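Written out below as structure tokens is the structure these notes cover.
The values are calculated or read from the model by the stated rules, or taken from the named source; none is laboratory data. These numbers were taken from a predicted model, which means no experiment stands behind them. Glycine gets a Cβ as well: all are built from the backbone with ideal geometry, and neighbour counts include every protein chain shown.
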Amino acid sequence: MLFVKADELKTGMRLAKPIYNKNGVMLYERNSKLTNQGIISIQNFGLIGVYILEPAEPVPPMTEDDIEFERFQAMAIFTIKEVLDEVKDQKEPKGLYPFANQIIKKFGTLYHKINFVQNLRSAEDYAYKHALNTSILCALITKKLDFDFKKQLDVVVAGVLHDVGSLLIPMNMRKKSVSEYTDEEITKLNTYHLAGYQLLNRSYDLDPGVKRIVTLATRDIYGIETDQTKPDKRIEELEVLKVASAFDNKTAMKYGEEPLSEITALRYLQNPENDFDQEVVQALVGSINILNPGVCIELSNGDKGLVIAEGPTDILQPFVLSFRDNQVINLGDKHVAEELQVKDIMKTMDNRHVVDHDLLASYKGGTVHMGDKTKGHF
């Protein structure tokens with residue numbers, strides 16, 4: 001799978017991902033061959049590029065949930081853009097709460113994990129897509145933590161609004177990576193995030209609970225002092241927003257910048273030095289698929305393998321089928337864990353796992369020997 005810029009597309013190329021319009025209607029299916037009209041349409045949509053299948057590459061597997069998730073992302077981005085642009089222009093965002101309710105209805109009531117598939121982002125649309133995916137993660141996590149509806153709504157709305165200051169940053173600065181910023185530019189960035197906070201703080205219609213979360217998040221995420229004093233105890237709603245925002249930001253498919261894998265992002269969240277609430281981090285782990293059956297991984301000794309069962313107590317210690325010797329390794333066994341760990345996930349460019357499901361099915365159905373280092377079958 002390759003990413004091809006919109007101005008470099010050629011007729012006959014096959015789409016690796018579907019293209020939707022603002023109403024969620026599929027315009028081009030996966031595996032569709034591009035025509036001259038299709039290329040013009042893609043350019044007119046404002047897409048910076050699309051994923052293209054290589055000549056002999058088969059269409060990668062996608063579940064119905066995956067397809068629906070991507071369709072929702074494509075459709076919702078238009079709504080969230082309208083909302084955030086109204087906030088930026090100091091207008092009443094009439095669609096804010098209906099949109100937040102839609103997020104909760106779709107993702108804040110689920111009893112199963114989802115594949116959190118990231119989308120490619122440009123400097124122009126990063127803030128919108130970050131707000132969208134952060135609010136989705138907030139809905140998933142708050143469901144797992146059993147928040148009541150009011151608290152859940154406050155967190156999701158805060159997820160939509162918390163990064164509005166990014167829309168005030170000049171485009172020439174947005175197109176730079178973090179490593180390219182000078183000290184002077186970093187100081188300027190903080191003034192834009194402060195201005196975004198002030199926009200929200202002046203809104204008389206915004207719920208006090210949302211204002212409090214956003215105010216505290218401005219301090220904790222961007223390091224900007226606000227009028228809100230630091231609370232004596234942790235605020236659950238704030239901790240959810242911090243985890244959701246950080247995870248999305250770390251794993252986002254940014255144009256021109258490599259994302260971190262979910263494993264690397266999870267280890268960042270689990271590091272005590274970074275001060276994330278571990279109950280919230282575990283709620284995130286319980287909401288999205290990370291090391292689920294079918295994921296190909298690299299081990300710390302350089303071997304490759306296939307996850308065939310999640311770790312019963314630790315997501316980072318699954319049962320793995322080694323490609324080297326066809327043995328099942330229990331990474332949850334303390335003796336094995338002393339010498340062998342998951343190094344990282346092997347993925348396609350769009351962060352989706354590719355697996356032969358018939359092969360995976362052949363390792364299911366039997367008994368798992370929990371304490372066996374290298375043996376066991378399904």
If you check every pair at least six apart or on different chains, which have Cβ atoms under 8 Å apart with a residue in the range 100-114 that is within 18 Å of Val160 (Cβ to Cβ) and touching a residue at least 60 places away in the same chain (Cβ under 8 Å) first and a residue that is crowded, with 22+ Cβ neighbours inside 10 Å and not polar (S, T, N, Q) second? Ala100/Leu153; Ala100/Val156; Ala100/Val157; Ala100/Val160
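Checking the condition at pLDDT 90 or above and either touching a helix residue (DSSP H, G or I) at 6+ places or on another chain (Cβ under 9 Å) or not charged (D, E, K, R) (or both), which residue from Val295, Val281 passes?
Numbers: Val295 fails: at pLDDT 90 or above.
Result of the check over Val295, Val281: Val281.
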Would you say Thr109 is surrounded by fewer than 20 Cβ atoms within 10 Å (Cβ to Cβ), within 23 Å of the chain's Cα centre (by Cα), among the hydroxyl-bearing types (Ser, Thr, Tyr) and under 30 Å from Lys150 (Cβ atoms)? yes
Lys211 passes all but one of the listed conditions (1) touching a strand residue (DSSP E or B) at 6+ places or on another chain (Cβ under 6 Å); (2) closer than 24 Å to Asn101 by Cβ; the exception is number (1)
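Limited to the range 22-41, what total is found for residues that are outside any strand (DSSP E or B), free of Cβ contacts under 8 Å to residues at least 40 places away in the same chain and either under 20 Å from Leu120 (Cα atoms) or among the hydroxyl-bearing types (Ser, Thr, Tyr) (or both)? Give the derivation first.
Taking the range 22-41 and keeping what is outside any strand (DSSP E or B), we get 22-25, 29-32, 34-41.
Filter once more, so that each one left must be free of Cβ contacts under 8 Å to residues at least 40 places away in the same chain: 25, 29-32, 34-41.
Narrowing further to those that are either under 20 Å from Leu120 (Cα atoms) or among the hydroxyl-bearing types (Ser, Thr, Tyr) (or both): 25, 29-32, 34-35, 38-41.
Residues in the range 22-41 being outside any strand (DSSP E or B), free of Cβ contacts under 8 Å to residues at least 40 places away in the same chain and either under 20 Å from Leu120 (Cα atoms) or among the hydroxyl-bearing types (Ser, Thr, Tyr) (or both): 11 in total.
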Residue set Tyr51, Tyr28; condition of a type in the set (Phe, Trp, Tyr), in contact with an Asp or Glu (Cβ under 8 Å, 6 or more places away or on another chain) and either under 24 Å from Phe78 (Cα atoms) or crowded, with 18+ Cβ neighbours inside 10 Å (or both); output residue Tyr51
Quick one: in the range 256-271, which of the residues that are surrounded by fewer than 17 Cβ atoms within 10 Å (Cβ to Cβ), modelled with pLDDT under 95 and not charged (D, E, K, R) is farthest from Gly49 (Cα to Cα)? Thr264
Tell me, please, whether a residue that is modelled with pLDDT under 85, under 30 Å from Thr142 (Cβ atoms) and of a type in the set (S, T, N, Q) can be found in the range 62-71. yes
Only unsatisfied item for Ile186, checking (1) at pLDDT 90 or above; (2) surrounded by fewer than 18 Cβ atoms within 10 Å (Cβ to Cβ); (3) hydrophobic (A, V, I, L, M, F, W, C), is (1)
Test result for Glu92, touching a helix residue (DSSP H, G or I) at 6+ places or on another chain (Cβ under 9 Å) and either surrounded by fewer than 18 Cβ atoms within 10 Å (Cβ to Cβ) or in a strand (DSSP E or B) (or both): yes
Counting just the residues of the range 123-168 that are free of Cβ contacts under 8 Å to residues at least 60 places away in the same chain, surrounded by fewer than 20 Cβ atoms within 10 Å (Cβ to Cβ) and over 16 Å from Ile80 (Cβ atoms), which one comes out nearest to the chain's Cα centre (by Cα)? Asp146
Residue under question is Leu189, and the condition is that it be under 26 Å from Lys144 (Cβ atoms) and assigned to a helix (DSSP H, G or I); does it hold? no
Is it the case, given these coordinates, that Leu206 is in a loop (DSSP other than H, G, I, E, B), buried (at least 18 other Cβ atoms within 10 Å of the Cβ) and more than 24 Å from the chain's Cα centre (by Cα)? yes
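Can you find a residue in the range 70-86 that is without any contact (Cβ under 8 Å) to a residue 40 or more places away in the chain and in a loop (DSSP other than H, G, I, E, B)? Can you show your working first?
The initial filter retains those residues of the range 70-86 that are without any contact (Cβ under 8 Å) to a residue 40 or more places away in the chain, namely 79, 82, 86.
Subset that is in a loop (DSSP other than H, G, I, E, B): none.
The answer is no, given that none of the residues of the range 70-86 is without any contact (Cβ under 8 Å) to a residue 40 or more places away in the chain and in a loop (DSSP other than H, G, I, E, B).
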